[in-house]
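Since the structure comes first, as structure tokens, the remarks are kept for the end.
Please treat every number below as a calculation from the coordinates, not as lab data. Keep in mind that this is a model prediction, so the values were computed, not measured. Because the Cβ atoms are built from the backbone with ideal geometry, glycine has one as well, and the counts that use them run over all protein chains shown.
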Amino acid sequence: MDYGKIRSKVWRPNEISRDLNALIKTKVSYKQAWRAKQHAMEPLLGSSEECFFKLPVYFHNLKKHNPHTMAYIQTYSEDCFECCFYATRSTIQAFKRFCRKLIIMDGAHLKGDFKGTMLHAVAMDENNQIVPVANEICKKESELTWTWFLENLYECIGDCQDLTFVTDWADGIRGNVQQC
């Protein structure tokens, strides 16, 4: 057993399970090892709930140290998260300078302690490499969340001539894309 890994965040659950099985001859499942690692790391990293309270500070620092980065948070009240949008200066500039006038948008369901949806816009450069442009994390995919995402995306990239959108036409995208 490598005791140096105990202090490391890279000690993976399958390694924890294997090492404990060898050390104490007790069967520990992957899921048990994963939960034990999460529980052990919480005092160091903070809980998932605490991470949401750190978002405003993180976004402030992101904008402070990366000028022209766009990062916004919407809340119901001071402590009730609704959604957040972010696009870094480097990805915005990469889209404007090196990418085709094509934006691919989709939403993906998030798993973990807090369920939600990540809305994202990506583009392709001249080497057919995917370039992330902007992201939004929200509680659910809806016309309202897509509207906010597209308004912020438009603010990032400005008025682009001959811009093409590729989407799955989920709720709220069609009408909002046509308005932009």
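A few notes on this one:
- Residue-averaged 222 nm ellipticity for the chain, from DSSP H runs of 4+ at -39500 (n - 2.57), nearest 500: -13500 deg cm²/dmol
- Dipole axis of the chain (+1 Lys, Arg; -1 Asp, Glu on Cβ), positive-most option in 131, 95, 51: 51
- Size of electric dipole in region 85-176: Cβ of Lys, Arg +1 and of Asp, Glu -1, about Cα centre, debye, nearest 20: 200
- Residue ranges 54-62, 73-81, 94-102 sort as 94-102, 54-62, 73-81 when ordered by packing (mean number of other C-beta atoms within 10 Å per residue, highest first).
- Spacing of the two label points (7 Å from each Cα toward its C-beta) at residue 108 and residue 90, in nm: 1.9
- Within-11-Å neighbourhood charge of residue 49 [Cβ basis; K, R +1; D, E -1]: -3
- Expressed in units of 2.2 N^0.38 Å, where N is the residue count, the Cα radius of gyration of the chain is 1.30.
- For the chain: relative contact order, % (alpha-carbon pairs under 8 angstrom, 6 or more apart): 15
- Dipole magnitude for region 1-158: about 780 debye, using +1 per Lys or Arg Cβ and -1 per Asp or Glu Cβ, origin at the Cα centre.
- Cross-link partners of residue 27 among lysines (Cα-Cα below 29 Å; sequence separation of 8 or more within a chain): 5, 9, 37, 111
- Residues whose amide H falls under 5 Å from that of residue 116, counting only those 5 or more places apart or on a different chain, are 110, with hydrogens built in the peptide plane.
- Candidate cross-link partners of residue 31 among the aspartates and glutamates, defined by an alpha-carbon separation under 14 Å and a same-chain spacing of 8 or more, comprise 15.
- Calculated from backbone phi, Karplus (6.51, -1.76, 1.60) coupling profile of region 87-93 in Hz, x at Gly/Pro: 8, 7, 4, 5, 6, 5, 5
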